[in-house]
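One structure is given below, encoded as structure tokens.
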Amino acid sequence: MASPGEAVVKESHVEKKKKPPARYWQESQEEVKDENKVDKGKNRAGEAALQKKTQKAKKRKQEEHQRDGKKFRSGKSDPFPGPAPVPQDRMQKFKRKDKMKKSRGQTYKLKDIISRTEEASEMSQKQAARVDLLLPEDAGFLEGDEEEDTCTISQQDIADAVDITSASKYFNLNLSQFGPYRVDYTKTGRHLLLGGRRGHVACIDWQSKQLMCEINVMESVNDVKWLHSETMYAVAQKKWLYIYDSNGIELHCIRKFNDVLRMQFLPYHFLLATVSATGFLQYLDVSVGKEVAAICTKTGRLDVMCQNPHNAIIHLGHHNGTVTLWSPNQKEALVKMLCHQGGVRSVAVDKTGTYMVTSGMDKKLKVYDIRAFKPLKSYFLPSGASCLSLSQRGLLSAATGDIVQVYRDVWSTPVTKPYMAHRVRGAVWGLHFCPFEDVLGVGHGGGFTSMLVPGAGEPNFDGLDANPYRSVKQRQEWEVKALMEKIQPELISLDPTQLGQVDRATFEQRHQDRVQALGFDPLAKGKFIPKHKKKGRSSAGSVEKRKKQVAHEDQRDVIRKTVEDKMTIEKERKERKKTTAALSNQKSALDRFKK
Amino acid sequence: MKVKVLSRNPDDYVRETKHDIQRVPRNYDPALHPFEVSREYTRALNATKLERVFAKPFLASLDGHRDGVNCMAKHTTSLSTLLSGSCDGEVKVWNLTKHECVRTLQAHEGFVRGMIVRYCGTSFFTVGDDKTIKQWKMEAPGYGEEEEPLNTILGKTVFTGLDHHQKEAVFATCGQQVDIWDEQRSSPIRSFTWGVDSFSAVRFNPVETELLASCASDRSIVLYDMRESAPLKKVIMTMRSNTLCWNPMEAYYFTCSNEDYNLYTYDMRYLKRPLTVHMDHVSAVLDLDYSPTGKEFVSASFDKTIRIFPKDGGHSREVYHTKRMQHVICVKWSSDSKYILSGSDEMNIRLWKANAAEKLGVLAPREKQARNYNQKLKEKFQHHPQIRRIAHHRHLPKNIYHQRKEQRIMKEARQRKERNVRKHSKPGSVPVVSEKEKHVVTVVK
């Protein structure tokens, strides 16, 4: 059993006071272990250091104990016993829900189910966090030398500094003839669609610079948009909405959609949302070709639009400075926010659906938290931003005239300088970050510019969702799968997780109905009847005592409830008072006539 | 200036040759997978619909009997063997994989009332209306040999059922009393009576092997200990129970099929009220059998359907019927828990799948994975109204559908009346009696 190298020290209470002296090899082993942990995650390392300080001696003893328990034939022990640690911050990334509170009313069955599911979810969380450590690619970055602003670095310098394939992603297309261009990339980021104001439409496999098709629709083009894959795209022309395939063949002319100015495609719902000059917001289900909803917004010409990729809500910007939120299920706006003093020029929402960035005629750029509908930051841009676009990793690009500026961390820290800036050869009309690439596509009066923006794209894609390297077969397979799990438009709501939550309102309603139908409450607590306890403990006196312990429980509940109600009413009253006071302090426009 | 731009090597993401499988790099970041819940919901909905599309439970019909099938017995060691006894005294042994009868013997005159295979699987016992107990060899007689029982016991009265001990050479019969027999003797080693009545079924407990339970015609279920001379206790219900079956995994629970269209699951230690009342049949329930997993059981009814109930669910999860199937008299759940066998009045034995939408045969690993995933999704979203509606919908024959509706109306009317009575009488004078308590008259020890 025992290897010759190590003598087995039997621990007994007599010997406890004398500890073996610390050896240098033990120390070094521990350090190696700690270094390893640092690599794997800061949190864990910090924890380890703390442990090291406080419980050094104890830990060593424990380790030795472990070593005693498990002997290897070579006399060596596993330097990393147990499962590898998972860093907490990564765990947090994959966290879906908090643990449930354990209430006393739960039955043992329910408790069991809950604990099992929580265990399973924790396990999956851990595994996902472990896989996250192994992701192959790292995000790009750009750092200037000392006293060098990154915004002064020109595109040419970046292109010279990076490898040849990345350098080829910086290019200009000189297309001055057919006027400013709208731009769109497919979901995988492989294909580019250009739509010139004067009718020029082209789709390009932009990485290999292969032209897929090029047509002139001989009409003005308002907007272009890829549909779910690179085989089809929609073009909003002067009068109707057209759908073409990747060879430039006209597939559909949809006469129900007239005077469309902007479009958004909701990829998981297969919905094409359009806004028109007549003030209509229309949804087209592209999988079955049906108009899902047509909403008259009654706000005049609509040419500012974006989607919230987190919950598929459409954001519209209006001339009076409001931004409205729409879903196809409601004829009224879900939310109306007054964002700017002048008209709204552009809106963008980030990938997680947390932040909305708007720019207006008042030359301001504002950042909102759209979960709480609160303004976070407000910036002043000298000439105002005409186009906005947000990248997957949260870079904001804003076009002011013919200059494209890229900002970093607009919502967390007050930004004074742009991250990058680039001047193009005409007024910018379309701006789009390429998914999964560090590239920003700019459509302008002089054609198209593909800019390198390090740190813009998500480095690791998911092969089953959007795979830039997919083959035709894989695309077809994906198309079938995606169509199978097309989300119905009825499920679009402000909170996309609502479907997975317990519907308490309906339950309560049903319970009330049931109580009414039955004439009594089947879930009500019965009257307390003390159990008959054996071994002489159930004397009349002790039974009375037990009864008394719960005697006023019901009454206590009632009292607690009334006290709580009173508190809330009081609170509301105070708040109301505060708001009225605040309102009365504020000067209104009519106050100037007061004497 | 330090700069790094995303630049992937396509070789890391594209397969090398045509013969490789495609590479699919994954990133499980929730931000890359929006609409998680809605997509899962859609998948669950699709899975539920597909389950209904593929629900084809009927596998085969075994015909050959010349009278109604009265009883069946599972072979204890062979999955593919089934024994069935009919109302004309004929016993048939079936090969289930080939769907054919391998042996026929005329066992009794009149009904074959009960049949059971010995735990070792080498012989089986039958009881019939001719007051005899016969033991038969499992092997067919050789060429030229006569079909003869190993052993015949002549009883005084008609036997209505029998069951064999799990691991000893002891069996029990019931008729006018419950008898315990030693296989070597021609007279019972013990007889139990409790009042004068006849018994319809007797079952040994599969775990606590000395215990038995029987259904008596005085509406009671009686529990016995084989080692004692007197019965343990009995519960008297409002209507008579036809058969009972022990839960093979939690053997302190048993379920009985009742004449009042319901099934009742009891805890043997606590007979005052049943644990669960299983309602859905529209006529008397004649037989039931537990799945070997102990999670579900199947019941056969006079209303020409068989239903599958979860052990703790009040309503059935599945109902099987065909146009030709008449009153179902006996039912068995196969020992691999995958199939159900039902014997009915019109002389046929039918083979069903226990999970109607299950694919038979060996599943590829990816099929298995997909099935497990879909199952989990269905479970997760089972309470959503749309999914619930699809998952619960079953086509029923017109008369059963109308009878159920009628019974529901009657039940509602009774409840309404009771409610009104309670409303107009002194508070507390008309107590609320739960459905479980309604059907138990008393427990006698």
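The values are calculated or read from the model by the stated rules, or taken from the named source; none is laboratory data. Everything quoted here is computed from the prediction, not taken from an experiment. Ideal geometry is used to build each Cβ from the backbone, glycine not excepted, and the neighbour counts take in all protein chains shown.
Residues checked against (1) out of contact with any Leu (no Cβ under 9 Å at 6 or more places or on another chain); (2) within 12 Å of another protein chain (Cβ to nearest Cβ); (3) over 26 Å from residue A:520 (Cβ atoms):
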{"site": "B:388", "(1), (2), (3)": "yes, no, yes"}
{"site": "B:392", "(1), (2), (3)": "yes, no, yes"}
{"site": "B:407", "(1), (2), (3)": "yes, no, no"}
{"site": "B:411", "(1), (2), (3)": "yes, no, no"}
{"site": "B:422", "(1), (2), (3)": "yes, yes, no"}
{"site": "B:429", "(1), (2), (3)": "yes, no, no"}
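I'd like the full set of residues that are aliphatic (A, V, I, L, M) and either surrounded by fewer than 17 Cβ atoms within 10 Å (Cβ to Cβ) or within 11 Å of chain B (Cβ to nearest Cβ) (or both), limited to region A:135-180. Before you say what the answer is, go through the steps one by one.
Kept after step one, since they are aliphatic (A, V, I, L, M), are these residues of region A:135-180: A:135, A:139, A:142, A:153, A:158-159, A:161-162, A:164, A:167, A:173, A:175.
Result: A:135, A:139, A:142, A:153, A:158, A:159, A:161, A:162, A:164, A:167.
Count of region A:466-509 residues, restricted to those that are within 7 Å of chain B (Cβ to nearest Cβ) and of a type in the set (Asp, Glu), is 1.
Here is a yes/no grid of residues against (1) surrounded by fewer than 20 Cβ atoms within 10 Å (Cβ to Cβ); (2) touching a residue at least 60 places away in the same chain (Cβ under 8 Å):
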residue	(1), (2)
B:244	no, no
B:257	no, no
B:272	yes, yes
B:301	no, no
B:307	no, no
B:310	yes, no
B:313	yes, no
B:328	no, no
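Being over 30 Å from residue B:220 (Cβ atoms) and touching a residue at least 12 places away in the same chain (Cβ under 8 Å) holds for only one residue in B:156, B:131, B:137, B:167, and it is B:137.
When you scan region B:24-80, how many residues do you find that are among the aliphatic types (A, V, I, L, M) and more than 30 Å from residue B:124 (Cβ to Cβ)? It would help to see each step written out before you state the result.
Taking region B:24-80 first, the residues among the aliphatic types (A, V, I, L, M) are B:24, B:31-32, B:37, B:44-45, B:47, B:50, B:53, B:55, B:59-60, B:62, B:69, B:72-73, B:79.
The next check asks that each one be more than 30 Å from residue B:124 (Cβ to Cβ); those that pass are B:24, B:31-32, B:37, B:44-45, B:47, B:50, B:53, B:55.
Selection size over region B:24-80: 10.
Of all residues being part of a loop (DSSP other than H, G, I, E, B) and over 24 Å from the mean Cα position of the chain (by Cα) in region A:436-447, which is farthest from the other protein chains (Cβ to nearest Cβ)? Just the residue, please. Outline the logic, then answer.
First pass over region A:436-447, keeping only residues part of a loop (DSSP other than H, G, I, E, B): A:436-438, A:445-446.
Subset that is over 24 Å from the mean Cα position of the chain (by Cα): A:445-446.
Working: A:445: 27, A:446: 24 Å.
Result: A:445.
Name the strands (runs of 3 or more DSSP E) wholly inside region B:1-77 in which the number of residues that are away from every other protein chain (no Cβ under 14 Å) and modelled with pLDDT of 90 or more is 2 or more. Give the derivation first.
Values: elements: B:2-4, B:58-63, B:69-74.
Those strands (runs of 3 or more DSSP E) span B:58-63, B:69-74.
Looking across region A:334-357 at every residue that is of a type outside the set (D, E, K, R) and more than 30 Å from residue A:96 (Cβ to Cβ), the one that is nearest to the other protein chains (Cβ to nearest Cβ) is identified as A:346.
Candidates are the residues of region A:448-465 that are more than 8 Å from chain B (Cβ to nearest Cβ) and within 18 Å of residue A:206 (Cα to Cα); the one that is surrounded by the most Cβ atoms within 10 Å (Cβ to Cβ) is A:456. As a summary of the residue check, residue B:119 satisfies the conditions (1) in a loop (DSSP other than H, G, I, E, B); (2) farther than 21 Å from residue B:162 by Cα; (3) touching a residue at least 24 places away in the same chain (Cβ under 8 Å); (4) of a type outside the set (Asp, Glu) except for the one numbered (2). Of the listed requirements (1) in a loop (DSSP other than H, G, I, E, B); (2) within 14 Å of residue B:57 (Cβ to Cβ); (3) polar (S, T, N, Q), residue B:342 misses just one: (1). Pairs meeting the criteria (first residue in region A:428-457 and closer than 29 Å to residue A:198 by Cα and in contact (Cβ under 8 Å) with a residue 40 or more places away in the chain, second residue in a strand (DSSP E or B) and of a type in the set (D, E, K, R), beta carbons under 7 Å, at least 6 apart or on different chains) are A:429/A:182; A:430/A:182; A:432/A:184; A:443/A:182. Note on region A:400-435: among residues that are in contact with a Gly (Cβ under 6 Å, 6 or more places away or on another chain) and within 14 Å of another protein chain (Cβ to nearest Cβ), the one that is surrounded by the most Cβ atoms within 10 Å (Cβ to Cβ) is A:434. Residues that are without any contact (Cβ under 8 Å) to a residue 24 or more places away in the chain, part of a helix (DSSP H, G or I) and over 19 Å from the mean Cα position of the chain (by Cα) within region A:479-503 comprise A:480, A:481, A:484, listed in sequence order. Looking only at region A:533-551, residues that are in a loop (DSSP other than H, G, I, E, B) and either touching a His at 6+ places or on another chain (Cβ under 6 Å) or modelled with pLDDT of 80 or more (or both) come to 2 in all.
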